[in-house]
Amino acid sequence: MKASKALAWVGAASIAVLAGVFLVFQGLKDFELSEYETRPIVFSFDGYSVSGTLHLPPPENTRPDPPPLVLLVHGDGPADRHSGGGYLPLVSSLLDSGFAVYSWDKPGVGESEGNWLSFSMADRARLAATALAAAKEQPELRMSPAGFLGFSQAGWVLPILAKEPAQADFFVIVGGAVNWLRQAGYYTRRRLERAGADLKTIDQAVAENARDGQRFLDRDFSYQGYLDSGLDKVPMPEDRFAFAHRNAAADSSSSLTHISAPVLTVHGGEDLNVDPDFNSAVYRKTLEAGNPANRFVIVPQATHALLRAEAFNYQLEGQMPSWAKALFMVLGRRAYAPGALDTITLWIKEQAATAHRRSTSPDRPN
């Protein structure tokens, strides 16, 4: 009897180990896109060359209809086309859902020329529209429904694109904020809360942050004036200052009122960078009546990037410890909070199907 129990335990342990190895393999597989067809797409923008990669879904995951096209729009920072590999599990999930995916190196990053820090949000919108036109030149995508999936700072880019007449069939905003300066105040509050500061200190810091932010709205506020003001203990470089000065007035409120295209906004319930409840409520109030397909989702226990908050909730990527980075590699798409990826992919499928029916309708005006 004892021997049989031991054998049973060994068998169960072996199954558990094999299951663990399988899950690790599945997670790592999400970072390997070699099984999908890829091709470079290079386009010109304001005299500079911008480079990106188009990924096409497996033939078995597509219908006779052309695959929907999703263009990824970066958040802040010097991001390459795959955001240092961080996008890969998302891209894998989109490809397995039957979507083509195109993303590009920000100007001045990777193989792209220029300098992303010289851009306004309107410039970024023009760049995204140019990327869409370049991708639609691919033969298999000319008739594809197409839309944008943007992160964080893209919340000020996509509403410009989505205004009537919309430049795409659908728009997904992940972790978007409506007002630049209000978002900065929330970020400060959450940073100090996590550092253990008392309420009085936090309120004072947020008030100072708001006053400092107003300085950036002054068109005559120079870099030397910024250095002399001592606003930051470690001053930002001049090109970063120019970027912040150029975009500090960013507020999507006006653009949102002109949008009739389908919009999905998704926030992580534990977002440390952008106030999920406030911004989701503003999006809902402004957009809900604009299109019956519009959705406003807050994913429980999810971060700013919709990852599992219990393991990955940091305000900056550089704050993530080595063990969390390793866990992200092991988990792959399972690093996302439950329901986050399904919410996005299912909604995009619905909008793409609607756009395809509309484009092929015999009643469509010529």
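The values are calculated or read from the model by the stated rules, or taken from the named source; none is laboratory data. Quick caveat, the model's predicted, so the values are computed rather than measured. Cβ sites come from the backbone with ideal geometry, for glycine too, and all protein chains shown count toward neighbours.
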(Q) I'd like the residue in region 89-138 that is part of a loop (DSSP other than H, G, I, E, B) and of a type in the set (Ser, Thr, Tyr) and, out of all such residues, is farthest from the chain's Cα centre (by Cα). (A) 112
Q) Which ones in region 103-119 are on the phi > 0 side of the Ramachandran plot and in contact (Cβ under 8 Å) with a residue 40 or more places away in the chain? A) 110, 114
Q. Any chance region 130-143 includes a residue that's crowded, with 19+ Cβ neighbours inside 10 Å, of a type in the set (S, T, N, Q) and touching a residue at least 40 places away in the same chain (Cβ under 8 Å)?
A. no
(Q) Let me confirm something: among 227, 192, which residue is of a type outside the set (Lys, Arg), farther than 25 Å from residue 304 by Cβ, modelled with pLDDT of 95 or more and not assigned by TED's automatic domain parsing to the domain that holds residue 93? (A) 227
Q. What tally of residues in region 27-72 results from selecting those that are more than 23 Å from the chain's Cα centre (by Cα), part of a loop (DSSP other than H, G, I, E, B) and among the acidic types (Asp, Glu)?
A. 3
**Q.** Sole residue being surrounded by fewer than 20 Cβ atoms within 10 Å (Cβ to Cβ), among the aliphatic types (A, V, I, L, M) and in contact (Cβ under 8 Å) with a residue 24 or more places away in the chain, chosen from 122, 100
**A.** 122
**Q.** Matching residues, region 297-323, being hydrophobic (A, V, I, L, M, F, W, C), modelled with pLDDT of 95 or more and within 19 Å of residue 75 (Cβ to Cβ)
**A.** 297, 298, 299, 302, 305, 306, 307, 309, 312
Q. Are there any pairs, at least 6 apart or on different chains, whose C-beta atoms fall under 8 Å, with the first in region 204-215 and of a type in the set (Lys, Arg) and the second assigned to a helix (DSSP H, G or I) and surrounded by 14 or more Cβ atoms within 10 Å (Cβ to Cβ), and if so, which?
A. 215/226
Q | Residues being among the aliphatic types (A, V, I, L, M) and either surrounded by fewer than 24 Cβ atoms within 10 Å (Cβ to Cβ) or touching a Leu at 6+ places or on another chain (Cβ under 7 Å) (or both) - total across region 144-176 | A | 8
(Q) Here is a check on your reading of the model: is residue 108 crowded, with 18+ Cβ neighbours inside 10 Å, farther than 27 Å from residue 343 by Cα and modelled with pLDDT of 95 or more? (A) no
Q: Report, by residue number, each residue of region 191-221 that is surrounded by 13 or more Cβ atoms within 10 Å (Cβ to Cβ) and more than 24 Å from residue 275 (Cα to Cα).
A: 221
(Q) Given the condition in contact with a helix residue (DSSP H, G or I) (Cβ under 9 Å, 6 or more places away or on another chain), free of Cβ contacts under 8 Å to residues at least 60 places away in the same chain, of a type in the set (A, V, I, L, M) and under 26 Å from residue 337 (Cα atoms), answer yes or no: does some residue in region 56-74 qualify? (A) no
Q.
Can you report the number of residues in region 112-160 which are in contact with a Pro (Cβ under 7 Å, 6 or more places away or on another chain) and hydroxyl-bearing (Ser, Thr, Tyr)?
A. 1
Q. Would you pick out the residues in region 216-257 that are in contact (Cβ under 8 Å) with a residue 60 or more places away in the chain and under 22 Å from the mean Cα position of the chain (by Cα)?
A. 240, 243, 246, 247, 248, 249, 250, 251, 252, 253, 255, 256
Q) What number of residues within region 159-187 satisfy the criterion of being part of a helix (DSSP H, G or I) and hydrophobic (A, V, I, L, M, F, W, C)? A) 6
Q: Spot the failing condition for residue 232; the list is (1) at pLDDT 95 or above; (2) under 27 Å from residue 108 (Cβ atoms); (3) not basic (Lys, Arg), and only one is missed.
A: (1)
